[in-house]
Structures are given as C-alpha cells and as structure tokens.
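Here's the structure we're looking at; comments come further down.
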There are 6 protein chains.
Amino acid sequence: MSLTRVNTRNQFKGTVISILRGDVMSEVEIETSSGVIGAVITTSSVKRLGLQVGDSALALFKAADVLVAKLDE
Amino acid sequence: MSLTRVNTRNQFKGTVISILRGDVMSEVEIETSSGVIGAVITTSSVKRLGLQVGDSALALFKAADVLVAKLDE
Amino acid sequence: MSLTRVNTRNQFKGTVISILRGDVMSEVEIETSSGVIGAVITTSSVKRLGLQVGDSALALFKAADVLVAKLDE
Amino acid sequence: MSLTRVNTRNQFKGTVISILRGDVMSEVEIETSSGVIGAVITTSSVKRLGLQVGDSALALFKAADVLVAKLDE
Amino acid sequence: MSLTRVNTRNQFKGTVISILRGDVMSEVEIETSSGVIGAVITTSSVKRLGLQVGDSALALFKAADVLVAKLDE
Amino acid sequence: MSLTRVNTRNQFKGTVISILRGDVMSEVEIETSSGVIGAVITTSSVKRLGLQVGDSALALFKAADVLVAKLDE
C-alpha cells in the first residue's frame, strides 16, 4: 500500500520496531524490507497518530532531501 | 559499505539506474535492495562527481526529513 | 479533508492555481484560505499524479522545516 | 509585514499560541489566519529570540520542503 | 548584519558570485569569509528579489538540515 | 579534507566546541573558520559516532536547504 496521491515516490512500508519518546521529539524506527529507516517526528504527532511498536507504517521523504555519495567499485 | 562517519543511519546502497539532467537540477534514481530511491541534486554536482548510470552510490537522508504515515492493518 | 495518518499537522488544503513545468523540477502554487503556498516537486511527480490547474490539493510540510521570525509589535 | 528580502514566498504571519520547551528542541505553534502552523526549533533559539506566547511571529519554509497530495473532488 | 529575529544562528553573509538561472530552479553561489555556499532557490524568487551577481546576501539554513561527519585526526 | 564523493559542496570543516545532549536530539556546535555552525542530530547518532567536544568534524548541508536573503548595501 502507498499514499499514491502524495507526490514523492520515496515511500517505504514497514513495521514500527521502536519509539524513543522524548519531551518534544521522538525517534521512530521502521523496519522495511531493505533495512531500518529512522524518523524523527514530534512527540505530539506520535500521540496524535497513536503510533505504537508493531504498527504498520510508511516512511516518506522528498527526493530533494536525499544526498548522493558515489561509491568506489 | 557505508559512510560510517556521517551521522545519519539512513544510508541505502544501490546502483544508479537513471539520471535526468536538467539545466540546474538533476533527478537521480538509485536502485537499492528495497526499491528505487529518487534523489534531486544539482546538475553541477552530477558533473563534479562524474556520476553515471551504472555507478554504485549511496543515498543518504536525515531522520528529521522523514514523514511517518500510520497504515491500517 | 486531510491525511490524518501522516504525522505532520501542517496540512493546508487548497486549489492548484499554477504549475510551472521545468525540465526536472516544477513549481506548483496552491491557493489556500490563508494565501498561496509554493511547492517545488519533480516534474515526474507532476506527471505521475496527473496534477493540473484546478485540482484540489494538500500542501504538507514538516514542523522541522519551518523557521520562525519574531516580529516587532 | 514580511521579510521581503528572504527568497521564500511561503511566509505566514501569526501569533505564538504555545511553546513546548524541551531540553534541546521546542515546539512552537503559530496561529495564522489559515490555521495553526507547527514549528520545531532549538530551545536555544527560543531563548535567544526571547520568544513568548502572545508574540507576533512569522513562519517561513522553503517551497522545496512542501509535499503535494492530490485530493479527490 | 544578520536577520536577528529569525531563529537560526546559521547565517552567513557574503557576496553573490554566480547565478545559474534555470527554467524553474536557480543555483546561487555566495562567497563568504569561509568559502562558497551554494543555494538552490526558485527562479521566480531570484526575479522577485532582483538578485544579481555582486549583491550582498545572507545564506540561512536550519540546524536540523545539517549533517555531521566525524573526521579522523 | 572533505567527503569528495558526497554530492554537496556545502561542507565546512571545524572543531566540535559543544554538544548539548537531549533525550532524543542533541545540538552540536562546530567552529569553522567562518563562524559556528549549529547542527541538530539524534542523540543516538552522537553516541554511535562517539562524537565529543574537541573532535574534528564536517558540517554538510544541501543547497536546497539554504535560504537566501538579499542585504541592503
């Protein structure tokens, strides 16, 4: 499943495997088929979404936010 | 391989499968084990890196740039 | 309407009033009840979404991307 | 009033209606004519600006940071 | 000079030494005392600001957008 | 020294002069030849990198994240 209406194609589906709740910001780890993606969102968003470990979730990010490093063969 | 010294853990290795060169910005697609990641970087960066289709590359992004959507089971 | 499952509360609904299509990036203007919001997304996203002037659209952005300037009374 | 010299047109004036001060980051809510915009800035910035509930403030963000979702009619 | 009212301390003053105008986005180089900072802004912003080579300008960015790499001694 | 393989040219070398460790996010100050750059990264990244005051470090940011303000002569 994906949010097809949102412009970015950078959408990775996975499962929330940890939520570190801070006073203002929380760190959320989403395990996808290609590895863990870390996200930092507000703790108020975690509460509003009712986000919990075990939830299915989508990690989205804009192409403009991605850096590219060239690797040696 | 990864840039272990860079703070973000969000690093996905893959192969450059397309580069759409624009006048100022270029869209780069990196095929990783978990799907294609799109990146937008300056065309001057593409030239400076000598980035070409077929190159091994790393896509990096900060956790703060990731949005989270909760999915229904 | 809003994407209630997405973490950010910064969601503004409006109507697409202009799309400036560039070779790689496009500038989209969304007229909301509180003014025009400008967005820059890839032209490939504009095509994939089939986005056109007159469409209803949502502008979303993360709280971490907002700068705050204090104004004099 | 706006910061006309800054490149982005995405500038929304409003009033600070809440500040949640965390140890490092703070969440600031600015009520504008079109709804509340949430911003996350460093707590050190909140102190440096002397930002308080009731202050007039401007929320700014770059067009490149805005995602667009197409809505169904 | 700085925009003291804006929250970020990451403000670097310099001189615009080049503007590469694209159809939608433009790349602006600002020479500061510590090196050249590259910025990508919309071409419509370049026009609106009347930005030209030789202008004094300020490059601003949020602390949340900065990545940190540890260097070996 | 620089990470020549990473796309952005916005790389500033310096020395870590302070780390404010929060529960989830940490504020890192890097003194460069042109002034202090503030970065906000996750506290887990600070730990993983073993980042300490006195370390040599590189601050990197994308051109797309830079705002430009025109200054009066």
Problem set entry | Leading residue by the ranking (farthest from residue C:40 (Cα to Cα)) among those in segment A:1-42 that are under 11 Å from the mean Cα position of the chain (by Cα) and among the small types (Gly, Ala, Ser) | A:14
Seminar exercise, completed: Picking from D:41, D:19, D:30, the residue that is out of contact with any Phe, Trp or Tyr (no Cβ under 9 Å at 6 or more places or on another chain) and in contact (Cβ under 8 Å) with a residue 24 or more places away in the chain would be D:19
Exercise. Only one of these conditions is not met by residue E:67: (1) within 17 Å of residue F:31 (Cα to Cα); (2) hydrophobic (A, V, I, L, M, F, W, C); (3) out of contact with any Ser or Thr (no Cβ under 7 Å at 6 or more places or on another chain). Which number is it?
Worked result: (3)
Problem set entry | Some residue of segment D:32-40 being modelled with pLDDT of 95 or more and in contact with a Ser or Thr (Cβ under 8 Å, 6 or more places away or on another chain) | yes
Exercise. Which ones in segment B:62-73 are surrounded by 15 or more Cβ atoms within 10 Å (Cβ to Cβ) and either free of Cβ contacts under 8 Å to residues at least 40 places away in the same chain or not hydrophobic (A, V, I, L, M, F, W, C) (or both)?
Worked result: B:62, B:64, B:65, B:67, B:68, B:69, B:70, B:71
Exercise. So, of the residues in segment D:2-17 that are assigned to a loop (DSSP other than H, G, I, E, B) and within 11 Å of chain E (Cβ to nearest Cβ), which turns out to be modelled with the highest pLDDT?
Worked result: D:10
For this session: For segment B:1-18, enumerate the residues that are surrounded by 18 or more Cβ atoms within 10 Å (Cβ to Cβ) and either over 22 Å from residue E:69 (Cα atoms) or among the basic types (Lys, Arg) (or both).
Result: B:9, B:16
For this session: Within segment D:30-42, work out how many residues are at negative phi and surrounded by fewer than 21 Cβ atoms within 10 Å (Cβ to Cβ).
Result: 5
Seminar exercise, completed: By residue number, the members of segment C:24-45 that are within 14 Å of residue E:25 (Cβ to Cβ) and more than 8 Å from chain D (Cβ to nearest Cβ) are C:24, C:25, C:26, C:42, C:43
For this session: Quick one: count up the residues across segment B:50-61 that are more than 7 Å from chain A (Cβ to nearest Cβ) and either of a type outside the set (Val, Ile, Thr) or in contact (Cβ under 8 Å) with a residue 40 or more places away in the chain (or both).
Result: 3
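The values are calculated or read from the model by the stated rules, or taken from the named source; none is laboratory data. Everything numeric in this text was worked out from a predicted model, so none of it was measured. Cβ: placed from backbone, ideal geometry, glycine included. Neighbour counts: every protein chain shown.
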